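A short write-up of the structure that comes next.
Quick note: the coordinates plus some simple rules give every number you see, no bench work behind them. These numbers were taken from a predicted model, which means no experiment stands behind them. Note that each Cβ is placed from the backbone with ideal geometry, even for glycine, and that neighbours are counted across all protein chains shown.
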Amino acid sequence: MKTRTIGLTVIGVVVAGALLAGPGAKMALRIPFVQHKLIQRGFAQAMARNAAREALVNAEELRVVLCGTGSPLQSRERAGPCAAVLAAGKIWLIDAGGGGWRNMNVWNMPNGKLAGVLLTHFHSDHIEDLGEVNLQSWVAGRTVALPVYGGPGVESVVNGFNAAYALDSGYRETHHGAAVLPPAAATMVPHVVEAAPGVSLHEGQVTNVLDQDGMKITAIGVNHAPVQPAYAYRFDYGGRSVVISGDTKASPDFATAVAGVDVMVHEAQLSDVLQQLHVLMAEQGNWRMAKVLNDIQGYHTTPEQAGQIANAAGAKLLVLTHLTPALPPFLAGPVFMQAVQRSRATGSVLGHDGLMVSLPQGSDLIDITDLQ
């Protein structure tokens, strides 16, 4: 495997230091001409970023962007679980954790190109931004109703968000007009992914979700019991592949189902740290939180186990995401990476919001890029 790390610098709105350095800076910012020029420069830079992001989506490469790498144990540095797959001029969103879609907007992604959302399961931290994903991609230029894929029960989730946003969508359509915001594109349409009518995929079971424009999407059943359905999703495009695990226990069946994948984006939980927190909460008399911290240890994957799964699948690169618990940035890297390296010495990275992995066609190259 060849791996290349590239840093992308996002230029801010503020003009270079010479103008705004020193005691005259505040005074300069009060001059209308200076204000106007700063705003103009900011708009110009944003438009240049827009064009660059369009090129990312339109290029003949398979890409995955981590728009949220956190968990219900929240962090200021990490949005909720969310990943975006870019290929064939389209964006596919996997889960809609809180703040993930805001990141996509901040990064100037062409969100009108959103082709669909795939929900791994229906825990609140994976669906909370779904209404905003639909509304804002509609405003950004999406012209057809948004498909939302998931296991049995996705109908209830989608219909609930449609109902909650119906008044808002009506206001915006009335205000801006149907030519700008076509009403047919205002809602989401559920697509049930199932083994048989009303039956979820079992652990390791694979089924086709979509196969068009060179993009093949498959769903894989994972074990997040008692949560059911719970799916991972694999994307194959141009001879390259990536899989996003969703929430799951360590599963040999999952490794078998995704054998040969280029990039595995897998959840990671420090269960030993959660056990320490469980004891502390119990000692403080917070039995409710102590019980929760104890329970969640049983249906997630440790970094060491994620390394074992990636090894068994033959994945070229393992990316850790849905990081639990929330550790400060200076500590998260050493702790999570030391844990994964107990089973996988190389070929692993710690995910963060803005990490992008690109897979050029006709190559074994893996580019790791920072959008921030």
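Brief remarks follow.
- Annotation: of all residues in the stretch 63-93 being touching a Phe, Trp or Tyr at 6+ places or on another chain (Cβ under 7 Å) and either assigned to a loop (DSSP other than H, G, I, E, B) or of a type in the set (Val, Ile, Thr) (or both), the one that is nearest to VAL106 (Cα to Cα) is VAL85.
- With respect to the stated conditions, GLY80 is of a type outside the set (A, V, I, L, M, F, W, C), in contact (Cβ under 8 Å) with a residue 24 or more places away in the chain and under 18 Å from ALA230 (Cα atoms).
- The one condition from (1) under 27 Å from TYR299 (Cα atoms); (2) acidic (Asp, Glu); (3) surrounded by fewer than 16 Cβ atoms within 10 Å (Cβ to Cβ) that ASP211 does not meet is (1).
- Residue satisfying all of: in the stretch 137-153; not in a loop (DSSP other than H, G, I, E, B) and not β-branched (Val, Ile, Thr); nearest to PRO110 (Cα to Cα) among these: SER137
This table checks each residue for (1) out of contact with any strand residue (DSSP E or B) (no Cβ under 7 Å at 6 or more places or on another chain); (2) among the hydrophobic types (A, V, I, L, M, F, W, C); (3) surrounded by fewer than 24 Cβ atoms within 10 Å (Cβ to Cβ).
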residue	(1), (2), (3)
LEU62	no, yes, no
GLN74	yes, no, yes
CYS82	no, yes, no
VAL117	no, yes, no
SER124	yes, no, yes
VAL139	yes, yes, yes
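- Any hit, the stretch 293-316, residues being crowded, with 22+ Cβ neighbours inside 10 Å and aromatic (Phe, Trp, Tyr): no
- Selection from the stretch 189-204 of residues that are within 23 Å of ASP168 (Cβ to Cβ) and either out of contact with any Gly (no Cβ under 9 Å at 6 or more places or on another chain) or assigned to a loop (DSSP other than H, G, I, E, B) (or both): VAL189
- Hits in the stretch 159-188 (condition: touching a Ser or Thr at 6+ places or on another chain (Cβ under 7 Å) and in a helix (DSSP H, G or I)): ASN162, ALA185
- Residues satisfying the stated conditions in the stretch 207-218, i.e. among the aliphatic types (A, V, I, L, M) and in contact with a Gly (Cβ under 8 Å, 6 or more places away or on another chain): LEU210
- Scanning the stretch 228-264 for residues being of a type in the set (S, T, N, Q) and within 21 Å of GLN212 (Cβ to Cβ) gives a total of 1.
- Test for GLY42: is it closer than 23 Å to GLY246 by Cα and of a type in the set (Gly, Ala, Ser): no
- Positions within the stretch 319-351 being assigned to a loop (DSSP other than H, G, I, E, B) and touching a Leu at 6+ places or on another chain (Cβ under 7 Å), in sequence order: PRO325, ALA326, ARG344, GLY347, GLY351
- Single condition SER156 does not satisfy, out of (1) touching a strand residue (DSSP E or B) at 6+ places or on another chain (Cβ under 8 Å); (2) among the polar types (S, T, N, Q); (3) assigned to a helix (DSSP H, G or I): (1)
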